[in-house]
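Here is the structure we will look at, set down as C-alpha cells.
Computed from the coordinates by the stated procedures, all read-outs in this text should not be read as laboratory data. What you see is a predicted model, and the numbers here were worked out from it, not measured in a lab. With ideal geometry, Cβ positions are generated from the backbone for all residues, glycine too; neighbour counts draw on all protein chains shown.
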Amino acid sequence: MDFLVQMGLSDFLAQYSLPWLLGLTVALLITGIVAGLLAGLLGVGGGIVIVPVLYHLFTLLGVDPEVRMHVAVGTSLATIIPTSIISARAHRKRGSFDKHLLRRLIPSVLVGVVIGAVASHWLSGEVLTTLFAMIALLVAANMGLRKEALLLRDALPGAFGTSLIGSGIGGISTLMGIGGGTLSVPILSAFKTPMHVAVGTGAALGMVISLPGAIGFLINGVDVVNRPPFTVGYINLAGLALIVPMTMLLAPYGARLAHSVDARRLRQLFALFLFLTALRMLYGLSH
C-alpha cells in the first residue's frame, strides 16, 4: 500500500473519471497492437509509434513538459526489449537475419547507445521533442516519397565507416526511444543489403539498443521531480504493462506479413501518420 501511495495511485484516480481511464487503457492497448505489427512488418521496433502516442497522452494528463518526452522515450525503450526479441526470433526462423552483419555493428552501436543515454541526461524535454520530430519527418519522407531504396554503394564501408554508422544508429535511436530498425533498415538497404535481411537485422539491433538505453533512462530519471504516476526513473510502469503484452503478441504476425504482402502502401500510410505526428509535436512546442 505504501508503494501505491508513493506512486501516486490515489491522487491519479481522483483526477479522472472511470470512462476517461478506460479510454486511456484502450489507447495504450491499441498502441501496443500497432507497434507490434509494425515491429514485425517494417522492422521499426515500435518506438516510432509508442513515443509520439505516449507524448500526447502525457500532454493530456498535464505532465510537466520538462519530463514528458524523457518518460515517453524511456518507456518506449523498455517496451522494445521484449518486442525486439520476439521480432528478431521470428525473422531468424525465416532466414532474414545476418549474424555476421550484426556482429560488425554491435560494438559501435553500443558506443552510440552510451553516448545517447549520457546526452539525454543533459538535454531538455524541448530539445528531445524537437530532435524526435525532425528525424521523424526525414524518416516519413524516406518511407513515403521514395519509390526505391536509396543505393549508396554495393556494401558497407570499412571498419571506420561502419563504426560511424553504428554509433549514429545507436545514439540517435536511444535519444528518440526507437529500436534502431527505423534508422538501420533504410541505411542497410542503401548499402545493398536485401530488404528482408535489413528488416531482420534491424529487429535484432533493437535488442542491442533498447536494454542498455532503457537502463540509462531508468538511472537518469531517479529523483527527478514532477514525473507522472507509476513512473520509476523515466520508465512509466502503467504504459509498460499495457503496451508490452500487445507488442509481444502481434510482432510475429507482423513478421509473417512482411514475407507475404507488398508493404509499400502500408509504408506510405505510416509515413503520413509519422509526418502529421511530427508536425503536431513541433506545433505544440511553439504554442
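Quick notes
- Alpha-carbon Debye profile of the range 17-285, log10 I(q)/I(0) at 0.10, 0.15, 0.16 Å⁻¹: -0.44, -1.02, -1.17
- Packing-based order for 122-134, 63-75, 240-252, 217-229, using average beta carbon neighbours within 10 Å, highest first: 63-75, 240-252, 122-134, 217-229
- This model, with +1 at the C-beta of Lys and Arg and -1 at the C-beta of Asp and Glu, gives the chain a dipole about its Cα centre of some 1240 debye.
- Rounded tilt (10° steps) of 237-258 against the dominant C-alpha axis of the chain: 20 degrees
- Angle in degrees between helix 47-60 and the longest Cα principal axis of the chain, rounded to the nearest 10: 20 degrees
- Listing Tyr234, Tyr253, Tyr283 from fewest to most neighbouring C-beta atoms within 10 Å gives Tyr283, Tyr253, Tyr234.
- The range 97-121-the range 185-240 distance, computed between alpha-carbon centres (Å): 11 Å
- Between Ser17 and Ile30, the contour length at 0.36 nm per residue exceeds the alpha carbon distance by 2.7 nm.
- Against the main long axis of the alpha-carbon atoms of the chain, helix 65-93 sits at an angle near 40°.
- Comparing Leu188, Leu242, Leu282 along the charge dipole axis of the chain, the residue lying farthest to the positive side is Leu188, per the Cβ-charge model.
- Structure-based [θ]222 nm, the chain - -39500 (n - 2.57) summed over DSSP H runs of at least 4, per residue, nearest 500: -26500 deg cm²/dmol
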